[in-house]
Amino acid sequence: MKWKGKRASTNVDDARGRRTVAGTAGAGALLNFVGRRFGIKGILVMIVLGVVLWKAGLVDPAQIVGGQTQTQSTPYQASPEEQELFDFVTVVLGYTENVWHAEFARHNQTYEEPTLVIYTQQHPTACGTGSAKMGPFYCPGDRKVYIDLSFYEELERSFDAPGDFAQAYVIAHEVGHHVQNLLGTSDKVHARRGRPDYNEYSVRLELQADFYAGVWAHHNRAYLDRGDIEEAMRAANAIGDDAIQTRTQGKIVPHSFTHGTSEQRMRWFNKGLESGRVEDGDTFSMSYSQL
Ligand SMILES: [Zn+2]
């Protein structure tokens, strides 16, 4: 993908080397107070309440334990390769801004740009603590995309999906979730959490994000090198639920799919690539078996 010398997005938060730690003084004082006032039962109630709120995604464990959090910044030294990757994703984010501003304008709507947080190891988010193990993700609560760049090594080695366009596709997919958030689609799906058909809706949401990544690729055709589309398809193929489950469990359990099969993900990416129009990506109206 051609990117050197292109506009880098300014909506990037470089959080590499920044660590947020829970302050233990706050926890000690709070436990002491509750213990004196309400005894051991009070402390137990507090712990149970904390766990319930945490499970419900309402609070971050660091907030329960610490009461206050501290941010520690250590000087971060990136290798030249990592810095190049960093610069690359900031340009990719800029490309997504160009495309989505134009697509929203075509529907007389205004696109609000998300922030990309590039962190190392762990980072607090409005959706709980983000960790590198989770891979890249979008948090609707703070409208930010989170990525630890080490994921790209995993994509290349474990998932056998190398190449800069595979890396760009990952960002474009997460920005696709941001588009869904702006259009109100994510809310409708999250409202179904806990219902038996929630997984189906989650698959519909994921395939639509792949479609949106395809729409983005459609409008960036001028920047593509030979083999780029194959790289993105390879990534979509490698990170399908069936492929991941086969790797991790040795078998495929369709009802637990939350992202869609490799074939579905490649197909919806391709649909977006051909169409280039946001309105052609309705993954919610058709029956689930036809997705
Ligand atoms: Zn996704």
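The values are calculated or read from the model by the stated rules, or taken from the named source; none is laboratory data. On a predicted model such as this, the values are computed, not experimentally measured, just so you know. Here the Cβ positions follow ideal geometry from the backbone for every residue, glycine too, while neighbour counts run over all protein chains shown.
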Worksheet entry | strands (runs of 3 or more DSSP E) contained in the range 117-206 and holding at least 1 residues in contact (Cβ under 8 Å) with a residue 60 or more places away in the chain | 122-125, 128-131, 144-147
Practice prompt. Filter the range 69-113 for residues that are in contact (Cβ under 8 Å) with a residue 12 or more places away in the chain, under 21 Å from G176 (Cβ atoms) and small (G, A, S) and give the result.
Written response: G94, A102
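Go through the residues of the range 70-81 one by one and say whether even a single one is away from the ligand (no atom under 16 Å from the Cβ) and closer than 28 Å to H219 by Cβ.
no
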Worksheet item: Would the range 160-173 turn up any residue that is away from the ligand (no atom under 13 Å from the Cβ), at pLDDT 90 or above and in contact with a strand residue (DSSP E or B) (Cβ under 7 Å, 6 or more places away or on another chain)?
Response: no
Worksheet item: Taking the condition within 11 Å of the ligand (Cβ to nearest atom) and free of Cβ contacts under 8 Å to residues at least 60 places away in the same chain, does H218 pass?
Response: no
